[in-house]
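Colleague: This structure is in structure tokens; I'll ask about it shortly.
Only the coordinates and a few stated rules stand behind these numbers; no lab work does. Computed from a prediction, not measured in an experiment: that's the story for all the values here. In this analysis, Cβ positions are derived from the backbone assuming ideal geometry, glycine residues included, and neighbour counts consider all displayed protein chains.
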Amino acid sequence: MSGNGLCYLNSKKSVLLLTIAFLMCLIGPALLHSQTYSIHEKDKNPISPYGSSPALSPPDTDGEDADDCGSMSVENLPLPFSLVQEGVGLPLAQSEPVEAGFPYNFYYGNLHSHSTFTDGGLAADPGRCRSSQYCRGDVFPGDAFAYARDRGLHFLSVVDHNHLFDCHASLCQPWFPSGCVWNAQQVRGKYQQGLQAAQAATIDNTFVAIYGIEFGVLTTPTDGHVNIFDASVLFNWEDNSNPDYPGTGQFYDVFVGRSDYQGLYAAAQNQGVVGSFNHPRSVQEFNNFDFTPEGKNVMVGLEVANGPAFCTAEDQSCGGTRYAGDYQFAGSDKFQYALGVGFRVAPFASQDNHCFNYGFSTANRTVVLANSLTKSEVMTALQQRHVFATFADDRAQLVFSALDNTYIMGDTFSNSGPLTFHISVRNSVSPIDEIRVYKGIPESRSSPQIICSRFDTTDVDDCVLFGTPGEWYVYVYVKERNGAELWSAPMWITGN
């Protein structure tokens with residue numbers, strides 16, 4: 001089914017409940033807000049990188065983000081296999097390397113979630129956790145961090161929408177007046193409260209909390225959402241000049257235009273912070289993946305999997321929308337496209353939690369390779385792209401290295417002569433079906449080639465990049481027999 005807005009329901013619910021939910025999605029927004037909301041554009045099936053843009057429904061009435069009860073797309077369907085039978089969920093993912101001699105630990109987390117500061121923090125109940133719930137939740141950033149930490153996640157990022165810190169005051173006042181913020185100073189202060197909550201929740205060698213923003217809107221085909229992590233200032237374009245609202249002033253510390261991605265990259269570089277591309281619907285997004293030197297530097301990730309944003313499960317039973325890999329979107333791999341444009345992005349697998357189930361709606365993980373679990377180490381690992389992503393596997397350890405671990409995924413280096421890679425997979429939830437190695441040319445806007453493919457093995461030591469002069473990116477893609485997937489960050493290699 002497509003997108004006239006079936007609410008997410010567990011597959012075990014009755015037909016009667018499903019029918020009621022369907023009717024509520026059709027008439028609920030009108031009853032609650034007397035407005036008509038379009039569906040989340042990010043929930044639509046991605047298209048071919050070289051195809052035409054998808055037909056977009058009209059934006060919602062505030063002209064910013066589209067809202068709905070969640071489309072019945074791939075992301076809202078149960079997984080085609082049982083995670084419980086495969087053993088996902090217990091025990092917690094092992095951080096120490098299984099492979100002897102590998103010099104990094106593996107830390108598992110989620111880099112995309114929201115709190116009640118904007119449109120998240122909603123009870124994990126289908127009747128309450130749905131879109132358009134501006135500032136109506138009960139979960140503040142500190143609560144989200146505590147939930148994830150107490151359940152064994154290694155890190156969590158809460159990224160509230162940069163333009164919703166005022167909570168759309170006219171909408172939220174009847175439900176949660178204490179949470180409405182109309183004063184510009186309070187808006188900026190709310191962002192600082194999120195940073196303070198992250199600092200308080202971080203415990204060295206136990207848990208890392210990251211706060212930031214999800215920047216942008218989804219109004220036109222060239223819009224897109226970008227996460228900015230741990231900036232000390234709020235990037236925004238809004239101010240309060242409406243005489244009907246108390247107080248006036250700038251809802252930002254640093255002004256960045258609402259669709260000015262070049263300006264965003266430059267502002268992030270000036271602040272020394274990094275970001276990621278979120279749920280890329282098509283290659284038109286982010287102003288056609290507008291490429292700049294600043295963007296190449298600060299954009300460290302792209303979501304190969306996202307959501308479900310309004311999944312209410314706490315047992316990792318939801319799936320997610322994939323934007324890369326073989327199973328759903330052959331020929332429309334947004335990860336490969338961004339690499340071909342020239343961005344040096346690692347793969348992220350994010351849950352986009354809006355419900356009170358932070359990091360546990362799915363078994364999808366972003367995994368950072370670092371020496372220890374501290375804020376400094378985790379942020380450095382993100383900057384270095386020492387990252388891999390998992391779909392439906394909350395514990396796999398993927399090693400992709402060269403020259404006896406001198407270089408690992410995410411590194412940039414020069415090499416003369418043939419280069420032999422080492423690849424291994426440990427602790428996966430299912431036996432390995434295929435390990436594949438891709439080689440592409442940065443800034444060529446061309447698709448990569450498969451240079452090695454090995455079946456029914458957990459180790460590859462005979463994949464060689466021959467010493468051809470030029471610039472290359474090389475990354476690993478793994479398929480497990482149960483449908484789970486892994487993506488490594490590339491190595492960026494100059495062949496001499």
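Colleague: For residue 183 paired with residue 380, estimate the spin-label separation in nm (one decimal), with each label point 7 Å from Cα along the Cα-to-Cβ line.
Modeller: Result for the modelled spin labels: 4.1 nm.
Colleague: Residue 233 to residue 372: FRET efficiency via 1/(1 + (r/R0)^6), r the Cβ-Cβ distance, R0 25 Å, to the nearest 0.05?
Modeller: 0.35
Colleague: Further question: Take the Cβ-Cβ distance between residue 315 and residue 196 as r, set R0 to 45 Å, and report the resulting FRET efficiency rounded to the nearest 0.05.
Modeller: On the way: r = 32 Å, r/R0 = 0.70.
For R0 = 45 Å, the calculated efficiency reads 0.90.
Colleague: Mind checking the alpha-carbon convex hull of the stretch 294-393 and giving the volume per residue in Å³?
Modeller: Output value, Cα hull per residue: 111 Å³.
Colleague: To continue, here is another question. Quick check: the distance between the Cα centres of the stretch 269-317 and the stretch 440-496, to the nearest angstrom?
Modeller: Spelled out, the Cα-based centre of one part sits 21 Å from the other.
Colleague: In addition: What is the fewest-to-most order of 435, 408, 203 by other Cβ atoms lying within 10 Å of their Cβ?
Modeller: With the sparsest Cβ surroundings first, the list reads 203, 408, 435.
Colleague: Using each residue's phi in the stretch 395-406, evaluate 6.51 cos²θ - 1.76 cosθ + 1.60 at θ = phi - 60° and report the 3J(HN,Hα) Karplus result to the nearest Hz, with x for Gly and Pro.
Modeller: 8, 4, 10, 10, 10, 9, 9, 8, 6, 6, 6, 4
Colleague: Read phi for every residue in the stretch 352-366 and hand back ³J(HN,Hα) as whole Hz from Karplus 6.51 cos²θ - 1.76 cosθ + 1.60, θ = phi - 60°, with x for Gly and Pro.
Modeller: 6, 5, 10, 9, 7, 8, 4, x, 10, 6, 9, 9, 7, 9, 9
Colleague: When the chain is fully extended, how far beyond the present Cα-Cα distance does residue 427 get from residue 270, taking 0.36 nm per residue of separation?
Modeller: 52.5 nm
Colleague: Under the rule of at least 5 residues apart or a separate chain, name every residue whose amide H is placed under 5 Å from the amide H of residue 452.
Modeller: Hits under the 5 Å cutoff: 437.
Colleague: Then there's this: Can you work out the Karplus-derived ³J(HN,Hα) for every residue in the stretch 285-296? Use 6.51 cos²θ - 1.76 cosθ + 1.60 with θ = phi - 60°, whole Hz, and x for glycine or proline.
Modeller: 5, 6, 6, 6, 6, 3, 9, 9, x, 5, x, 4
Colleague: Also, quick follow-up: For a Förster distance of 60 Å, can you work out the FRET efficiency between the beta-carbons of residue 123 and residue 494, rounded to the nearest 0.05?
Modeller: That gives a FRET efficiency of 0.70.
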